[in-house]
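First the structure, in the form of structure tokens, and then the observations on it.
The values are calculated or read from the model by the stated rules, or taken from the named source; none is laboratory data. Source: prediction; values computed, not measured. Using ideal geometry, Cβ is built from the backbone for each residue, glycine included, and neighbour counts are taken over all protein chains shown. Heads up: the accessible areas ignore ligands, DNA and RNA and are worked out on the full protein's heavy atoms, side chains in. Shrake-Rupley method; radii C 1.70, N 1.55, O 1.52, S 1.80 Å.
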Amino acid sequence: MSRIKTVFASLKQQGKTALIPYITAGDPHPKFTVSLMHTLVEHGADMIELGVPFSDPMADGPVIQRASERALLHKVGLTVVLDMVKTFRQTDQATPIILMGYANPIEAVGAVAFADKAKAADVDGVITVDYPPEECGSFVKELQDRDIDPVFLLSPTTDAKRVELIVNQASGFVYYVSLKGVTGAANLDIVEVAGRVASIREQTNLPVGVGFGIRDAATAKATAAIADAVVVGSRMVLAIEGSNEANLLSNVANLMTELKTAVDAA
Amino acid sequence: MQLYDMPDARGHFGQYGGTFVAETLVEALEELRVMYEKYRHDPVFLAEYAYDLKHFVGRPSPIYHAKRLSDKVGGAQIYLKREDLNHTGAHKINNTIGQALLAKRMGKPRVIAETGAGQHGVATATIAARLGLECVVYMGSEDVKRQAPNVFRMKLLGATVVPVESGSKTLKDALNEAMRDWVTNVHNTFYIIGTVAGPHPYPMMVRDFQAIIGIEAKQQMMEMVGRQPEAVVACVGGGSNAMGIFYPYIDVPNVRLIGVEAAGLGMETGKHAAPLTANSAVGVLHGNRTYLMQDADGNIIETHSISAGLDYPGVGPEHAWLKDIKRAEYVAVTDDEAMAAFHNLCRTEGIIPALESSHGLAYAEKLAKTMSKDKIILVNLSGRGDKDINTVAKLANISL
Ligand SMILES: Cc1ncc(COP(=O)(O)O)c(C=O)c1O
């Protein structure tokens, strides 16, 4: 059983919702990424979404764009990110790592070579923002052949027919983007999200994660009540951006603790 | 003979093109695809488009035999398709009118655009004013500084110009930002892309709206000289003016199609904007698969060209396809060669060309020298150089 499946199964038994923080690898500096990942886990991360920096993050708002730019200043590309995952795995073999990024860095390596390298680094899932199922060719199969879950996004504008198409390709979980717009926008409508999540559940048994627009304990709690996983991205990155070297880990730990308490209380 | 029929139903030109976008954009593109399919052959829509091209833009644009230039160069006769004479000064307006009319049909009161040199931004602001649409133009903050007169023109036309501070602060970043606006405001907003790039249906749709250039040229050449040219030459940034003039010629045998990219400081320096000529790696950017200037990690690298309109790290997917099937050839000329051709046309013909178009002219001069006097080269003079006089003056250390 994949790590992602294992985690969802065990949380389900406990009646809990997964908390999945997102950070961009290499932000604010590559030397912090692995310690940040461990800090996230120590303070309640059930899985980690690790962003692969890209020069043209078209689907991201300003906060995550800036994180990518900070990382790229230090030349953190896909190969470096995979090395970071390897280092993380030396002391944590349990927490699923999901890479999130864009198609071009993967194409630069090649789908097969990327899948091999991701497997070697012990990555558990991959979200490729601009690879809709119609365009990603054999990529899904290459990942699944290696027990890596291709995680797909669903949006408020995805109709039932496309949900069907997507859930047939996805494994691990599906990720419902809770608003129209880019990451970090600020207009989460929890009632609408609840309705959409319910209808997605009618079409798949895969766990449903919800992200984009979760910015504090209250929205995390409300989302946790209706989803199998809560993904917190821009808010996490803002905490990193607002920190200095001395308080980086403690600021992130505090935010995680606050979010974890909220998610567990749902 | 098998006639050229590209792209396929999902916007692929062989392995190029397609719809590589986030799920949040899929529905919007599908809506656009359906509406464009509905109207692209609709006689009423096409009549409205043709009316504006004639009465608002001033089409057909003439073809002009540049005799003195041809004599000076010595060799083939150089003819110019005068897109510089269009309202707003470039070919860009052909496309913005088509897309803006579609926006009206789709009931979208707000249009957005990306722009580099500002020509597409001006053309979008112009048609938005003409049709009473709200207009927001995204422009890299570096370009806002470099192209101040066009920024002012857009504002005069009632558009809001938003400087983009992310990434390299140039055209590609403006495109990213416009896409972000579009995902957020898709209910009331139409995104008018300025070149044959972006996700399907844009490369096809922009080509179709620009094909009027080649359709006219084919007819005009017959009227003027009773035959078609040996070669058609056009500059390639994203590739819209080139696709516009190439497309109607694809099935015409014995007409060479030559796209001219920007070699910047020289291909060997790496400081250029010529992904086709450099045989750059194929990748995915801005919703399509194409040749892309990128580093080993797949990050897009900065391009260089004296001409802001050619300063783009990718190229329209149909050009990638035409290169691979060898129906079109792609070459590049340097900043210096383009500048020389710019001055040459000013002095010999009394026409100030855009720096983009000067790249096409520079290559036409080189090619003409290798051909006899009875041969013909048709150059797409995609725009006029009024917008470039500050750049040219600065190079000559002249303050205006
Ligand atoms: C006059 C002119 N020619 C050419 C271009 C390049 O665009 P494309 O390759 O899409 O024709 C531009 C773009 O700004 C332009 O203004």
Residue match in the range B:195-202 (condition: within 10 Å of the ligand (Cβ to nearest atom), in contact with a Gly (Cβ under 6 Å, 6 or more places away or on another chain) and open to solvent by 10 Å² or more (accessible area, probe 1.4 Å)): yes
Which numbered condition B:ASN185 fails, given (1) more than 16 Å from the ligand (Cβ to nearest atom); (2) buried (at least 24 other Cβ atoms within 10 Å of the Cβ); (3) polar (S, T, N, Q): (2)
Residues located in the range A:210-266, provided they are in a strand (DSSP E or B) and of a type in the set (Gly, Ala, Ser): A:GLY211, A:ALA229
In the range A:195-209, the residues that are in a helix (DSSP H, G or I) and surrounded by fewer than 17 Cβ atoms within 10 Å (Cβ to Cβ): A:GLY195, A:ALA198, A:SER199, A:ARG201, A:GLU202, A:GLN203
Among (1) in contact with a strand residue (DSSP E or B) (Cβ under 8 Å, 6 or more places away or on another chain); (2) free of Cβ contacts under 8 Å to residues at least 12 places away in the same chain - the single one B:VAL44 does not satisfy: (1)
Hits in the range A:116-139 - residues which are among the β-branched types (Val, Ile, Thr), over 14 Å from A:VAL81 (Cα atoms) and in a loop (DSSP other than H, G, I, E, B): A:VAL129
Residue within the range B:254-267 that is within 14 Å of the ligand (Cβ to nearest atom) and open to solvent by 10 Å² or more (accessible area, probe 1.4 Å) present: no
Wholly within the range B:287-400, strands (runs of 3 or more DSSP E) carrying at least 1 residues that are surrounded by fewer than 24 Cβ atoms within 10 Å (Cβ to Cβ): B:328-334, B:376-381
Members of the range A:23-65 that are without any contact (Cβ under 8 Å) to a residue 40 or more places away in the chain and either among the acidic types (Asp, Glu) or more than 22 Å from B:THR24 (Cβ to Cβ) (or both): A:LYS31
Matching entry among B:ARG207, B:ARG180 (being among the basic types (Lys, Arg) and closer than 29 Å to B:MET339 by Cα): B:ARG207
Of all residues in the range B:273-286 being part of a loop (DSSP other than H, G, I, E, B) and open to solvent by 10 Å² or more (accessible area, probe 1.4 Å), the one that is farthest from the other protein chains (Cβ to nearest Cβ): B:THR277
Residue ID - farthest from the other protein chains (Cβ to nearest Cβ), chosen from residues in the range B:32-89 that are of a type in the set (Asp, Glu) and within 16 Å of the ligand (Cβ to nearest atom): B:ASP84
Residue within the range B:229-247 that is surrounded by fewer than 20 Cβ atoms within 10 Å (Cβ to Cβ), more than 14 Å from the chain's Cα centre (by Cα) and either assigned to a loop (DSSP other than H, G, I, E, B) or more than 15 Å from the ligand (Cβ to nearest atom) (or both) present: yes
Residues being open to solvent by less than 30 Å² (accessible area, probe 1.4 Å) and under 21 Å from the mean Cα position of the chain (by Cα) - total across the range B:33-49: 2
Any hit, the range A:71-84, residues being within 14 Å of another protein chain (Cβ to nearest Cβ) and acidic (Asp, Glu): yes
Qualifying residues in the range A:155-176 (those that are β-branched (Val, Ile, Thr) and more than 17 Å from A:GLN144 (Cα to Cα)) - the one nearest to the other protein chains (Cβ to nearest Cβ): A:THR157
Residue that is modelled with pLDDT of 95 or more and part of a helix (DSSP H, G or I), where the choices are B:ALA197, B:ALA174: B:ALA174
Scan of the range B:118-142 for residues that are part of a loop (DSSP other than H, G, I, E, B) and open to solvent by less than 10 Å² (accessible area, probe 1.4 Å), ordered by number: B:GLY118
Residue list for the range A:114-136, restricted to those being under 23 Å from B:LEU292 (Cα atoms) and open to solvent by 40 Å² or more (accessible area, probe 1.4 Å): A:GLU134
Residue pairs meeting the criteria (Cβ under 7 Å; at least 6 apart or on separate chains; first open to solvent by 50 Å² or more (accessible area, probe 1.4 Å), in the range A:139-160; second assigned to a strand (DSSP E or B)): A:GLN144/A:PRO150
Pair list, Cβ < 6 Å and 6+ apart or interchain, from the range B:201-223 residues that are assigned to a helix (DSSP H, G or I) to residues that are within 13 Å of the ligand (Cβ to nearest atom) and open to solvent by 30 Å² or more (accessible area, probe 1.4 Å): B:ARG207/B:TYR247; B:GLY214/B:TYR247
Set B:ASP52, B:ASP71, B:ASP84: member being open to solvent by 10 Å² or more (accessible area, probe 1.4 Å) and modelled with pLDDT of 95 or more: B:ASP71
